[in-house]
1. Modelled label-to-label distance, Q7 and V83, 7 Å Cα→beta-carbon offset: nm?
2. Lys and Arg at +1, Asp and Glu at -1: add these up for the other residues within a Cβ distance under 14 Å of V121 and post the number.
3. If I compute volume of the Cα convex hull per residue in Å³ from the structure I just sent, which labelled value in (i) 137; (ii) 110; (iii) 101 lines up?
4. Membrane-span-like helices in the chain: DSSP H runs reaching 15 Å or more (Cα, own axis), mean Kyte hydropathy at least -1.0?
5. Going by accessible area, probe 1.4 Å, with all protein chains left in place, what is the ranking of K11, K21, largest first?
6. Which ³J(HN,Hα) values in Hz, rounded to whole numbers, follow from the phi angles of segment 65-75 under the Karplus curve 6.51 cos²θ - 1.76 cosθ + 1.60, where θ = phi - 60° and Gly and Pro get x?
Amino acid sequence: MDQQKHQARIKEELRRAGATKYGLMKSESRYLPDIIHDDEHIGGVVYGQYGGGSAMLVATDRRVIFLDRKPLFTTSDELTYDVVSGLKHDTSGLFDTIVLHTRVNDYTIRYANSRCVRTFVKYIESRRIENGKKPS
């Protein structure tokens, strides 16, 4: 796929997931086209603060990605939906906190956009239900 089309598609999928102009300018958002596959699609995104600074959780149709992109380094964890064990969502004032519980680690994002959190939670829950269905 053409790189410009790929970048435009990623940006549009982030917008549909609730990302604001600020969210689209984050270094994590700009790095996503490098790690999202051509046939992979974003269904939810949450960005905000965690213990190490600013980070992003991205839910795609294949995996969940934790991404912390700084000028000299990138921290990235890739998780399949079968290791996701739950979500905790708290609202306080204008911002939300979300905790993604997994068998690998717990990922906490604070000061997250409420609209993004709602979309992210809904998408993760739908993927967990879909993955939990047994074939007939």
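The values are calculated or read from the model by the stated rules, or taken from the named source; none is laboratory data. The shown structure was predicted, so the numbers you read here are calculated from the model rather than taken from an experiment. For neighbour counting, all protein chains shown are included, and Cβ atoms are generated from backbone atoms with ideal geometry for every residue, glycine included. All accessible areas refer to the heavy atoms of the entire protein, side chains included, with ligands and DNA or RNA removed. Shrake-Rupley method; radii C 1.70, N 1.55, O 1.52, S 1.80 Å.
1. Label at Q7, label at V83, 3.1 nm between them.
2. Numbers: positive: K88, R115, R118, K122, R127, R128; negative: D90, D96, E125.
Local net charge: +3.
3. (ii)
4. Numbers: long enough: 3-16 (20 Å, -2.28); 114-132 (27 Å, -0.72).
Helices meeting the criterion: 114-132.
5. Working: K11 95, K21 170 Å².
Putting K11, K21 in descending order of accessible area: K21, K11.
6. So the J values, rounded to whole Hz, are 10, 9, 9, 10, 10, 10, x, 10, 7, 10, 10.
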